[in-house]
1. For Asn43, only one of the following conditions fails: (1) surrounded by 11 or more Cβ atoms within 10 Å (Cβ to Cβ); (2) in a helix (DSSP H, G or I); (3) not hydroxyl-bearing (Ser, Thr, Tyr). What is its number?
2. Restricting to segment 1-16, what's the tally of residues that are among the aliphatic types (A, V, I, L, M) and open to solvent by less than 60 Å² (accessible area, probe 1.4 Å)?
3. For segment 61-72, enumerate the residues that are modelled with pLDDT under 95 and either open to solvent by 40 Å² or more (accessible area, probe 1.4 Å) or in a helix (DSSP H, G or I) (or both).
4. I'm checking my understanding of the structure. Among residues of segment 16-40 that are of a type in the set (Gly, Ala, Ser) and not in a helix (DSSP H, G or I), which one is nearest to Glu72 (Cα to Cα)?
5. Between Arg75, Arg83, Arg96, which is at negative phi and at pLDDT 90 or above?
6. Looking at the structure I just gave you, is Leu58 more than 18 Å from Gln9 (Cα to Cα), free of Cβ contacts under 8 Å to residues at least 40 places away in the same chain and assigned to a helix (DSSP H, G or I)?
7. Going through segment 24-40 one residue at a time, which ones are open to solvent by less than 70 Å² (accessible area, probe 1.4 Å) and within 13 Å of the chain's Cα centre (by Cα)?
Amino acid sequence: MHIIDQKLQDLACPVSLFVPICGLIGRTRLTQALKGDFALGRNLEEKLVALLEEMIELKRVSLIAPDWADTENIREQLNARRRIRQVAEYDEDKVRELLLNGTV
């Protein structure tokens with residue numbers, strides 16, 4: 001079984017809902033790739049797996065299961081989580097700089 005297919009099954013998210021969430025590949029192409037009829041490029045496959053990992057984390061921290069059919073909301077939540085991670089990484093760099101150099 002393809003890793004993308006396995007992660008989609010773990011999430012209980014059908015391909016038809018994943019495609020608009022990811023916005024990186026069409027439904028037909030992804031379905032062909034999951035059947036083995038079409039090879040995804042390594043870069044695209046890595047992006048899809050990374051997005052699925054984000055969705056798994058979103059599901060894990062949510063009080064109620066995410067509604068994958070609400071694609072706009074899911075995309076917005078994933079984007080917000082990415083921005084929060086970026087800010088946290090930036091803040092860590094500034095704190096480290098302050099501790100090492102005494103200036104920001």
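The values are calculated or read from the model by the stated rules, or taken from the named source; none is laboratory data. It should be emphasised that the depicted structure is a prediction, and the values quoted were computed from it without experimental measurement. Reconstructed Cβ throughout: ideal geometry from the backbone, glycine too, with neighbour counts over all protein chains shown. For accessibility, only protein heavy atoms count, side chains too; no ligands or nucleic acids. Shrake-Rupley method; radii C 1.70, N 1.55, O 1.52, S 1.80 Å.
1. (1)
2. Within segment 1-16, the first condition is being among the aliphatic types (A, V, I, L, M), and the residues that meet it are 1, 3-4, 8, 11-12, 15.
If we keep only those that are open to solvent by less than 60 Å² (accessible area, probe 1.4 Å) too, we end up with 4, 8, 11, 15.
The qualifying residues number 4.
3. Passing the criteria: Val61, Leu63, Ile64, Ala65.
4. Initial filter on segment 16-40 (of a type in the set (Gly, Ala, Ser)): 16, 23, 26, 33, 36, 39.
After this cut, where a residue has to be not in a helix (DSSP H, G or I) as well, the list is 23, 26, 36, 39.
Values: Gly23: 11, Gly26: 17, Gly36: 29, Ala39: 28 Å.
Per the stated criteria, the residue is Gly23.
5. Details: Arg83 fails: at pLDDT 90 or above; Arg96 fails: at pLDDT 90 or above.
Testing whether each residue is at negative phi and at pLDDT 90 or above leaves just Arg75.
6. Details: more than 18 Å from Gln9 (Cα to Cα): no; free of Cβ contacts under 8 Å to residues at least 40 places away in the same chain: yes; assigned to a helix (DSSP H, G or I): yes.
Criteria not met by Leu58.
7. none
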